[in-house]
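Step one of this worksheet: look at the structure below.
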Amino acid sequence: MLAFQAGDEAAFDEIVALLSGRVFSLLRRLLGPGEPVEDLAQEAFLRLYRARASYQPRGKLSTFLYRITYNLALNRIRDRSRRPEVGMPTGAEGEAIDLADRRAEAPWAASDRRSWAERIEAALARLPENQRAALVLQHYDGLDLEQIGGILGISAKAVKSLLHRARTRMREILAPYREAEHD
């Protein structure tokens, strides 16, 4: 980023190449399946580009970019909850699309149809945004408590508490699946 600040435009292309996979991954995990993340990823990098002059290297560039990405995802989640879908969506052939809330579905009702990865993804979607973000950033992105705290704007101690609550809730959500496998 410092090279980019100094006028090396190719340095920004390198930043995008190095971090775009992580940005897409974070957005997919925070927003859940079916959410188009391309526009938000582009917006995250656009905001990083615009921050060239004001960027101060107080930490890792990836942490700074994660903070931008997290804020964009949080805004999308809030917008989604405020604006219900209009009209009845249809598939490519004009058929009605099942609009059942997958997150509200009883775990045992779908246990035969879902793989563990899908179950975990659905469980993540049921967590509050801040718990989901903390868990994703630590488990999938390997960030430490300080880095996560910097992204979420909270202390490392608060991150530790969020992670504990997130894991406890994940265990509760996934317990029926584990019990069904042991029966």
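Rule-based calculations on the coordinates, nothing more; no lab input. No experiment lies behind these values; they were computed from the predicted model shown. Heads up, the Cβs are rebuilt from the backbone with ideal geometry, glycines too, and the neighbour counts pull from every protein chain shown.
Worth a mention:
- Length released on extending from Asp8 to Thr168, taking residue separation times 0.36 nm less the Cα-Cα span: 52.9 nm
- Take the Cα of Arg22, step 7 Å toward its Cβ, do the same at Leu74, and the gap between the two points is 1.9 nm.
- Protection proxy ranking of 151-158, 56-63 - average other beta-carbon atoms within 10 Å, highest first: 151-158, 56-63
- At 1.306 mPa s and 10 °C, Stokes diffusion of the range 107-182 via Kirkwood alpha-carbon radius, µm² per second: 121 µm²/s
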